[in-house]
1. Within segment 217-282, list the chymotrypsin sites (Phe, Trp or Tyr not before Pro) lying in a DSSP loop whose Cβ has at most 16 other Cβ atoms in a 10 Å radius.
2. What is the set of long-range amide H partners of VAL59 at a cut-off below 5 Å, with H atoms built 1.01 Å from backbone N?
3. Taking segment 58-213, how much of its Cα-Cα pair set, in percent, is spaced more than 23 angstrom apart?
4. Calculated from DSSP H runs of 4 or more alone, at -39500 (n - 2.57) each and per residue, what is the 222 nm mean residue ellipticity of the chain, nearest 500?
5. Taking every pair of alpha-carbon atoms in segment 13-132, what share in percent sits in each 10 Å bin, from 0 to the bin with the longest distance?
6. Taking the chain as a Gaussian network, Cα atoms linked when under 10 Å apart, which of ILE261, ILE103, ILE234 shows the biggest mean-square fluctuation?
7. Within straight cross-link reach of LYS288, meaning Cα distance under 16 Å, which aspartates and glutamates are found once same-chain residues fewer than 8 apart are removed?
8. Who wins for biggest fluctuation among MET152, MET43, MET89 in a Gaussian network model of the chain, springs between alpha carbons below 10 Å?
Amino acid sequence: MRIVFMGTPDFAVASLDALISNNFNVVAVVTAPDKPAGRGLKMSQSAVKQFATAHNIPVLQPHKLKDSEFIDILKKLAADLQVVVAFRMLPEIVWNMPPMGTINVHGSLLPQYRGAAPINWAVINGEKTTGVTTFKLKHEIDTGDILLQESMNIGEDETATEVHDRMKIIGANLLVKTLKQLEEGTIQEQPQQLTTENKHAPKIFTADCQIHWDNPVETLHNLVRGLSQFPGAITYLDGKILKVYRSKRELTSHQFESGKIFTDNKTYLKFSCTNGFLHLLEIQLEGKKRMPISDFLRGYTIQEN
């Protein structure tokens with residue numbers, strides 16, 4: 001099979017690496033254009049471009065996926081199949097081009113958690129399991145027929161980043177398995193079975209990151225885990241933004257109002273919530289570096305409210 005691979009971040013690199021390692025014929029890679037990044041605003045290449053360049057795979061970086069020049073190049077590549085992993089939404093002229101269609105690797109057990117941030121929302125919602133789905137693209141996002149799925153557990157203290165790092169390997173292996181079965185003609189496509197209990201995974205916005213202390217400690221712990229390492233759960237300390245990356249729960253009854261601060265200014269900092277306290281273990285105060293709470297308290301004195 002002649003394959004065109006489309007992806008941008010590190011999550012997609014694992015799948016591209018798996019295709020190359022298993023001797024699939026990747027004729028080109030489509031990824032995001034280079035963009036300025038960092039303090040010096042130097043042009044930065046996507047993780048997928050860096051990998052493709054290192055393996056001498058031709059790279060396409062269209063600004064617009066409907067651009068006629070890009071469409072012409074794509075047609076000349078004459079791919080039998082396209083593979084999409086962590087890329088933007090494709091127009092029909094692109095996803096419907098190859099005779100074998102376009103395969104997507106999605107970070108959930110579809111139809112659950114359709115959308116841009118399936119890993120984050122699964123952790124935020126306190127799910128115990130999630131998984132990966134390979135499916136055929138069609139017009140509506142994340143709605144195509146399922147090819148294969150594999151589930152995985154989520155640890156009770158595991159962060160979205162930790163789930164991401166395990167999932168990218170599981171997803172890469174599932175993709176290889178999917179393509180081998182497609183070549184053999186042994187795979188059975190299954191339409192997605194919708195229910196009234198489907199959960200969604202929209203893009204994360206700043207409002208989604210706010211910690212509201214008048215919630216149960218489990219809800220807040222899951223929020224912290226689900227937003228770590230990026231973009232980070234947000235609260236405030238002395239009028240400054242405080243991002244929380246790791247936490248632990250203390251379940252207990254108390255009479256304090258939600259959001260009250262408790263600290264010994266040495267080893268712990270915790271906030272009251274409806275059924276206990278959330279201990280902040282790893283934080284970043286606006287204007288400072290990310291650090292463990294003990295390091296932070298060495299150089300910062302907090303007044304309990």
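Read-outs: derived from the displayed coordinates by stated rules, not from any lab. All values derive from a computational prediction rather than experimental measurement. Because the Cβ atoms are built from the backbone with ideal geometry, glycine has one as well, and the counts that use them run over all protein chains shown.
1. Details: sites: TYR236, TYR245, PHE256, PHE262, TYR268, PHE271, PHE277; in loops: PHE256, TYR268.
When the chymotrypsin sites (Phe, Trp or Tyr not before Pro) of segment 217-282 are filtered for loop state and at most 16 Cβ neighbours within 10 Å, PHE256 remain.
2. Amide H to amide H, under 5 Å and 5 or more residues apart or across chains, VAL59 pairs with VAL29.
3. Numbers: 5169 of 12090 pairs.
The calculated P(r) of segment 58-213 puts 43 percent of pairs beyond 23 Å.
4. Values: 8 runs with 82 residues, N = 305.
The helix contribution divided over the chain gives -8000 deg cm²/dmol.
5. Percent of pairs per bin, in order: 11, 36, 35, 17, 1.
6. Largest GNM mean-square fluctuation: ILE261.
7. Result set, ordered by chain and number: ASP238.
8. Taking springs between Cα atoms under 10 Å, the residue moving most is MET43.
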